[in-house]
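Take a look at the structure below.
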Amino acid sequence: MNRVAGGRIFLFLEGGDMPVIDLGTVVYRNFDHEFNKMLSRESAVRKIRVNILFEETPAGYRLSLTDEDGFNVTTPMQWQKETARTPQESNIKAQLSKMGNTCFEVADIEVRIEGERFIPSSLLSDLRRTASQKLEETRIEQFKRPAAGTVRTTPFKYPVDHLTYLGNVMNTRARQFYRDYGVSRIDDAFEKTQPETGSLMFCRHCIKQAVGLCPKQAAGVSVEKNVGISSNRSIGLSSKESVVLSTEQGCKQGSVKRPVKVKEPLYLSMSDGRSFRLKFDCNQCRMEVCIEYDGASQKV
């Protein structure tokens, strides 16, 4: 877009030909002058506000700086007092206000001197630099990281007194949280203790449903004992007969060609030789993968 005049838009085109634009088409500028101008400005800088007190002492003068967080420093200066012929307060405030590239900015300045005193500007500048540097060092030395917010307790108690490894308690803060809510026995998370028996995971995906043997969806399915199911979906039906059920053979959810007897428990067999026993909670449509293996226990 080159310019806008009289309600008309003039485009800057190298070839000079105007593209065909239908009436009502929304046209966007690819250069926003005001936006780019805003981005080119100096970024926001946070300054720490300080109050300055410059006062007279028997031996000379004293400069005190107090920042918004309560840190305070005082820098004394011995100087022979000399009466000025003209008012000096405005010059004193002007010199002490020049914080330059420090992290401070002046919120208020108070000058307490008797009469008019002549103080060289160079002396005031040195005093200001010394005091501001001293204040910055004090902030660093005395800084204390704020404590993390505490958990607000409620009168409600956790529904169980014993939290098993399924609670996934891995650190002291999680453990303290459950203690605050009345849990007396807290077991470590699975990854921390590596128990030899127990549940590895709870799955909505079900092997029986995947191969068409869901008791809720497939008619004629019954359960017996002791046969395995591996990841290639091979199911041993009995010691005399074995059949492979797959989607290519039309074994879909809710459809089984003939009554099938499936022996349990079933096992998931991994390529590295590990096997995991399966439990089925058909009332909740949930499959549980256990780390028990063929009556013995194995670590994961």
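Structure above, values below:
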quantity: Sole residue being of a type in the set (Lys, Arg) and in contact with a Pro (Cβ under 6 Å, 6 or more places away or on another chain), chosen from Arg129, Arg62, Arg85; calculated: Arg62
quantity: Breaking point among (1) in a loop (DSSP other than H, G, I, E, B); (2) over 30 Å from Ser121 (Cβ atoms); (3) modelled with pLDDT of 75 or more; (4) among the charged types (D, E, K, R), for Asp69; calculated: (2)
quantity: Tyr28 being at pLDDT 90 or above, aromatic (Phe, Trp, Tyr) and either in contact with a helix residue (DSSP H, G or I) (Cβ under 9 Å, 6 or more places away or on another chain) or more than 17 Å from Arg128 (Cβ to Cβ) (or both); calculated: no
quantity: Search result, residues across the stretch 85-108 that are surrounded by fewer than 18 Cβ atoms within 10 Å (Cβ to Cβ), closer than 18 Å to Ile140 by Cα and at pLDDT 90 or above; calculated: Thr102, Cys103, Glu105
quantity: Pick from the stretch 160-203, criterion closer than 24 Å to Asn283 by Cβ and in a loop (DSSP other than H, G, I, E, B), ranking: modelled with the highest pLDDT; calculated: Val160
quantity: Unmet criterion (only one of (1) more than 20 Å from Asp126 (Cβ to Cβ); (2) free of Cβ contacts under 8 Å to residues at least 40 places away in the same chain; (3) surrounded by 10 or more Cβ atoms within 10 Å (Cβ to Cβ)) for Tyr28; calculated: (3)
quantity: Test: residue in the stretch 76-84 that is acidic (Asp, Glu) and either part of a loop (DSSP other than H, G, I, E, B) or buried (at least 17 other Cβ atoms within 10 Å of the Cβ) (or both); calculated: yes
quantity: Single match in Ser122, Ser199 (criterion: polar (S, T, N, Q) and closer than 30 Å to Val262 by Cα); calculated: Ser199
quantity: Residues satisfying the stated conditions in the stretch 171-191, i.e. free of Cβ contacts under 8 Å to residues at least 24 places away in the same chain and either more than 18 Å from Asp161 (Cα to Cα) or charged (D, E, K, R) (or both); calculated: Asn171, Arg173, Arg175, Arg179, Asp188, Glu191
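The values are calculated or read from the model by the stated rules, or taken from the named source; none is laboratory data. Everything quoted here is computed from the prediction, not taken from an experiment. Positions of Cβ are backbone-derived with ideal geometry, glycine not excepted, and every protein chain shown enters the neighbour counts.
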